[in-house]
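Shown next, in structure tokens, is the structure this report addresses.
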Amino acid sequence: MSSPSAALPDARVTVFDAVKALAFVGDLSMGQPVDHSARTAWIAAQLAAALGLGGDTCSHAAYVSLLRWSGCTANAPEFSELMGDDVGGRQAMLAAGLPAHLAGSIAPLAQIHCEVSGDVAHTLGMPPAVERSLRQVFERHDGHGPHGLRPPEIPAEVFIVSAASDLEIFSRVYDLERALSYLASRAAAAYPAELVEAVRRHAVDWLHTLEQDPACVDTAPVIGTDTTSLELIADVIDLKLPWLTGYSRRVAQVAAACAERLGLPALSRQRLYRAGLVHGMGRAAVPNALWDQPSAPSESAMERLRLVPYWTARAARRIGSLADEAELASHADERLDGSGFFRGVSGAAIGAEARVLAVATQSAMLQTARPGRAALSFDEALAQLQRDAQRGLFDADVVAALGGASRAVAARADAEPASTLTGREVEVLRCISLGESNKEAARTLGISPSTVRAHLENIFRKLECTTRAAATLKAMTTGVL
């Protein structure tokens, strides 16, 4: 039987595979093909070389490309409010530019994005040049970016990645002629004119190589051989929907504890823990409005929701050391009676590990408050799962193991985390991280909105951040929440 103090399974992955996972999530968030960031990274490296820049700049540009959209989940709620569809809105923005009437509203969203992507790069141990570029990734050569910076304050990698992304998108969505025309129209404004000239000279060869040898995008230079925590990926995934803060970690912990109580091998316990952390990767492809609607989803909405595990399965083909875990993660919504998705498999076709993951995800979701539905208590959730097991949806043995497993996880969660924040500051941050406004947090905690605001100022100062999303990510990755 697991104990509250039992160590969690190993969740270290290479930094390179973590970057690829974040690129995958970012591409889904932007409504792009899942190789967009990889193709952009390859073009960016070629462009840096064509400009006669050193090898470090080439590799830095590639990694900035791969991590460029890692802040997309952080501002998804704000994008959803601004554009109605955070995924479709971003897709249209990349292909046609930002609508003029929204130009004044985008700066706060860019701030959230850049702060989180910069913090992600810092957590991954990226070189300072990569982190700095990500914190300034939307700056422009003419000084009309979010922070009004101009060269040489802006790293060259920012312009290289911007031009590479424009070439990749416009040549794919339209054609090369229109892509080059678009880049020419942005010369000396978005990026230096000499950079556009280098693209003009080499674009045909670069795009031909990408068409003839698609696998070339997987040859990005590896920066270092270090590993990083897979929990970071889980936390970035969960930022998309504030009410899911910490959800993927809870799924992973319950799945691993269930596996131990069921006597599954240690390898299964580790695989389930890692699969639980990444099972929500495909969630990035679905607009927040569909997740946030309080009523039952329409049939058309369900068609999009059913694709979430499909996209997670697609990730398995692209992320080396996470392939097995991502494949297992894509079974999270399967049901023993065949009513699940996306495969609709049933019975013996669903292995022991997948059965555990399905129960763990459903248990965690039932105990999570969401728009239009309050969280169930553990006893209420367990009773619901027992009824579902009787109906043939879940494995009854797994549901039976859930009780002890969840108590072990709850006991571990109740342990006092080491924190630079006071107890009240942690309470305020927990409310804010779940999407509550200052007024809502004040009501929850029985204090005034001005007191909440004062606590937030202290939290931002102590965590060295300026946005709620960045504070949430830092608090999760450092164990404060």
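Where a number appears in this text, it was derived from the coordinates with a stated rule and is not lab data. Since the structure is predicted, the reported quantities are computational estimates derived from the model, not experimental observations. We place every Cβ from the backbone using ideal geometry, glycine too, and count neighbours over all the protein chains shown.
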Among 87, 216, 52, whose Cα lies farthest out toward the positive end of the dipole of the chain, if unit charges sit on the beta carbon of Lys, Arg (+1) and Asp, Glu (-1)? 87
Evaluated at q = 0.09, 0.13, 0.14, 0.18 Å⁻¹: base-10 log I(q)/I(0), Debye formula over Cα of segment 151-291: -0.51, -0.85, -0.91, -1.04
When a/c is below 1.5 the answer is rounded, else prolate if a/b is larger than b/c, else oblate, so apply that to segment 1-86 with a ≥ b ≥ c taken from the square roots of the Cα gyration tensor eigenvalues. oblate
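Averaged over all directions, how much area does the convex hull of the C-alpha atoms of segment 45-146 cover when projected, in nm²?
Working: hull surface 28.3 nm².
Over all viewing directions, segment 45-146 projects a mean Cα-hull area of 7.1 nm².
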Helix 36-50 against the longest principal axis of the chain: what's the angle in degrees, Cα atoms only, rounded to the nearest 10? 30
Cα axis of helix 396-414 to longest principal axis of the chain: angle in degrees, 0 to 90, nearest 10? 70
Separation in nanometres of the label points that stand 7 Å from Cα toward Cβ, at residue 324 and residue 216: 3.4
With semi-axes √(5λ) of the Cα gyration tensor in Å as the read-out, I listed (1) 39, 26, 21; (2) 88, 28, 20; (3) 34, 30, 23; which label goes with the value calculated from this structure? (1)
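Which whole number of Å³ per residue matches the convex hull of the alpha-carbon atoms in segment 231-414? Write out the running numbers ahead of the final one.
Details: hull volume 21.0 nm³, N = 184.
Dividing the Cα hull volume of segment 231-414 by its residue count gives 114 Å³.
On alpha carbon coordinates alone, what is the Rg over Rh value for segment 31-219, Rh being the Kirkwood radius? Intermediate values should be presented prior to the final figure.
Details: Rg = 15.5 Å, Rh = 16.6 Å.
Rg/Rh: 0.93.
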For the Cα atoms of the chain, what angle does the longest principal axis make with the long axis of helix 468-477, in degrees from 0 to 90, nearest 10? 60
